[in-house]
Amino acid sequence: MNDDFGIRKKPADRDSTLEKVDRVAEKLGFASREGRKRRNAVGPTMPVNVKLPEDTYNAFLKFCDDNELTYRKGIEKLLIKAGYIEE
């Protein structure tokens with residue numbers, strides 16, 4: 001079914017087909033990711049690109065790995081410890 005612009009309209013039974021797919025996927029152990037919030041969502045962000053000496057870079061990676069932190073959380077934790085931001 002096309003309109004005047006050649007764009008196809010959504011089939012009427014599409015929702016029921018997707019529901020069938022969801023039921024089959026659930027039976028097979030697939031978990032839906034719909035409606036899930038990202039756990040690292042922090043609101044507006046700004047990019048940071050820094051060149052570091054290799055030993056400083058490796059120390060930062062070790063710090064993040066040892067504390068199971070993302071780089072963002074690692075920087076945040078260091079700034080908290082330095083007293084620049086509050087927890």
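The values are calculated or read from the model by the stated rules, or taken from the named source; none is laboratory data. Computed from a predicted model, the values in this text were never measured in an experiment. Don't worry about glycine lacking a Cβ; one is built from the backbone with ideal geometry, like all the others, and counts go over all protein chains shown.
Cβ-Cβ contacts under 8 Å between residues 6 or more apart (or on different chains), taken from a first residue in segment 67-86 that is under 16 Å from THR45 (Cα atoms) to a second residue that is of a type in the set (Phe, Trp, Tyr), are listed as TYR71/PHE60; GLY74/PHE60; GLY74/PHE63.
Filtered by the rule that a residue be under 17 Å from LYS77 (Cβ atoms) and under 19 Å from the mean Cα position of the chain (by Cα), segment 41-64 gives VAL42, THR45, VAL48, CYS64. Criterion first (surrounded by 11 or more Cβ atoms within 10 Å (Cβ to Cβ) and outside any helix (DSSP H, G or I)) does LEU69 satisfy it? Here the answer is yes, as LEU69 does meet what is asked. Within segment 1-51, the residues that satisfy the criterion of being hydrophobic (A, V, I, L, M, F, W, C) and either surrounded by 10 or more Cβ atoms within 10 Å (Cβ to Cβ) or at pLDDT 75 or above (or both) are LEU18, VAL21, VAL24, ALA25, LEU28, PHE30, ALA31, VAL42, MET46, VAL48, VAL50. For segment 72-87, a tally of residues being over 22 Å from the mean Cα position of the chain (by Cα) and part of a helix (DSSP H, G or I) returns 4.
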